[in-house]
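The next block holds one structure in the form of structure tokens; read it before the comments.
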Amino acid sequence: GDSVTQMEGPVTLSEEAFLTINCTYTATGYPSLFWYVQYPGEGLQLLLKATKADDKGSNKGFEATYRKETTSFHLEKGSVQVSDSAVYFCALTPGMAGTALIFGKGTTLSVSS
Amino acid sequence: DTAVSQTPKYLVTQMGNDKSIKCEQNLGHDTMYWYKQDSKKFLKIMFSYNNKELIINETVPNRFSPKSPDKAHLNLHINSLELGDSAVYFCASSSQPVYGYTFGSGTRLTVV
């Protein structure tokens with residue numbers, strides 16, 4: 001079945017460092033891809049999305065490009081802040097009736113000043 | 001106005017009890033979901049309803065029963081609670097899956 005694989009965490013960075021969180025997927029159809037963020041004690045918030053190959057999603061300085069040839073959707077940010085400390089989830093939806101959002105295991109990011 | 005609201009936020013109960021978690025969305029979405037997040041943060045779909053009709057029913061113990069009185073509400077009832085049911089339960093809704101889901105803030109269930 002469809003699945004999402006994320007790099008294992010935790011990722012520990014200093015403020016203003018460059019961030020990459022790797023995400024690859026397996027899907028039989030043409031999924032839509034998402035990054036969600038979960039701040040401590042809160043629910044999940046949609047960070048960005050891409051619905052087709054070569055689409056780039058972006059929000060709050062974060063970017064990810066839907067790469068069909070490498071089945072990847074890596075999350076990047078040029079300069080992280082302490083406030084970016086959270087758990088990041090890569091996810092896909094097959095988009096077919098009777099299916100639901102499938103999540104990766106999450107990557108914990110910790111940014112220190 | 002909270003888009004997807006869950007109550008209660010915290011629930012501590014003894015083994016063997018029956019409890020319910022309520023979820024309401026004011027986004028006009030047709031589809032609602034329940035997810036379980038375990039202690040390692042892994043999120044797994046449990047149920048989904050589309051306009052009051054059950055469309056996803058994953059391998060979940062029969063002790064868990066969802067109910068959707070209308071398309072804006074999806075409740076989760078759990079019978080005979082066990083220690084292993086301790087987790088955070090998230091409700092979510094969507095109009096079309098390609099646009100993503102909107103999640104509630106979660107209900108942290110602790111069974112003692």
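The values are calculated or read from the model by the stated rules, or taken from the named source; none is laboratory data. This is a predicted model, so every value here is computed, not measured. Counting neighbours? That spans all protein chains shown, and the Cβs are built from the backbone with ideal geometry, glycine included.
Each row is one residue, and each column tells you yes or no for (1) in contact with a strand residue (DSSP E or B) (Cβ under 8 Å, 6 or more places away or on another chain); (2) part of a loop (DSSP other than H, G, I, E, B).
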{"position": "B:Ile45", "(1), (2)": "yes, no"}
{"position": "B:Ile56", "(1), (2)": "yes, no"}
{"position": "B:Thr59", "(1), (2)": "no, yes"}
{"position": "B:His77", "(1), (2)": "yes, no"}
{"position": "B:Leu81", "(1), (2)": "yes, yes"}
{"position": "B:Tyr89", "(1), (2)": "yes, no"}
{"position": "B:Ser105", "(1), (2)": "yes, yes"}
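Table: residues versus (1) free of Cβ contacts under 8 Å to residues at least 60 places away in the same chain; (2) surrounded by fewer than 16 Cβ atoms within 10 Å (Cβ to Cβ); (3) over 18 Å from A:Ala97 (Cβ atoms).
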position: B:Leu43; (1), (2), (3): yes, no, yes
position: B:Phe47; (1), (2), (3): yes, no, no
position: B:Pro61; (1), (2), (3): yes, yes, yes
position: B:His73; (1), (2), (3): yes, no, yes
position: B:Leu76; (1), (2), (3): yes, no, yes
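Applying the set (1) part of a strand (DSSP E or B); (2) modelled with pLDDT under 95; (3) of a type in the set (Lys, Arg) to A:Lys49 leaves exactly one unmet item: (2). Looking only at region B:48-97, residues that are modelled with pLDDT under 95, at the interface with another protein chain (Cβ under 9 Å from one of its Cβ atoms) and out of contact with any Asp or Glu (no Cβ under 7 Å at 6 or more places or on another chain) come to 7 in all. Per this entry, B:Gly106 is not counted among residues that are touching a Phe, Trp or Tyr at 6+ places or on another chain (Cβ under 6 Å), more than 16 Å from B:Lys22 (Cβ to Cβ) and within 13 Å of chain A (Cβ to nearest Cβ). When the test is whether a residue is assigned to a loop (DSSP other than H, G, I, E, B), away from chain B (no Cβ under 12 Å) and surrounded by fewer than 19 Cβ atoms within 10 Å (Cβ to Cβ), A:Glu8 does not pass it.
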